[in-house]
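Just so you know, all these numbers are worked out from the coordinates, no wet-lab data involved. Being a predicted model, the structure only gives us computed values, none of them experimental. All Cβ positions, even for glycine, are placed from backbone atoms using ideal geometry, and neighbour counts span all protein chains on display.
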Amino acid sequence: MDGCEASFDLRLTIEEIKIVLMGLKKRLKKAKTETTQNKFQLKIDELEDLLSNLPEKAPWQRETETGLYN
């Protein structure tokens, strides 16, 4: 598929992603089986990778008070 570009609308703020990340880390500590630990670690790695590649402020993000998004 030449010329196709992947895109998605992420309706979470950076702060919300960080909160989810903290919750996953807590659950990772409480996980009892290695399979469960690996599952949580994979999600943690994915979110940390996402956060490291995000710009400071997305161009489509508007005032949080209005709740308006493109």
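Quick notes on this one:
- Residue-count net charge about residue 40 - beta-carbon cut-off 14 Å; Lys, Arg +1, Asp, Glu -1: +4
- Taking label positions 7 Å along the Cα-Cβ direction at both residue 19 and residue 39, the computed distance is 2.4 nm, reported to one decimal.
- Among residues other than residue 19 with Cβ under 15 Å from its Cβ, the summed charge is +3 (Lys and Arg +1, Asp and Glu -1).
- Karplus-derived HN-Hα couplings along segment 29-41 (A = 6.51, B = -1.76, C = 1.60, θ = phi - 60°), whole Hz, x at Gly and Pro: 5, 8, 5, 9, 9, 5, 4, 5, 4, 5, 4, 5, 5
- Neighbour counts of other Cβ atoms within 10 Å put 27, 11 in the fewest-to-most order 11, 27.
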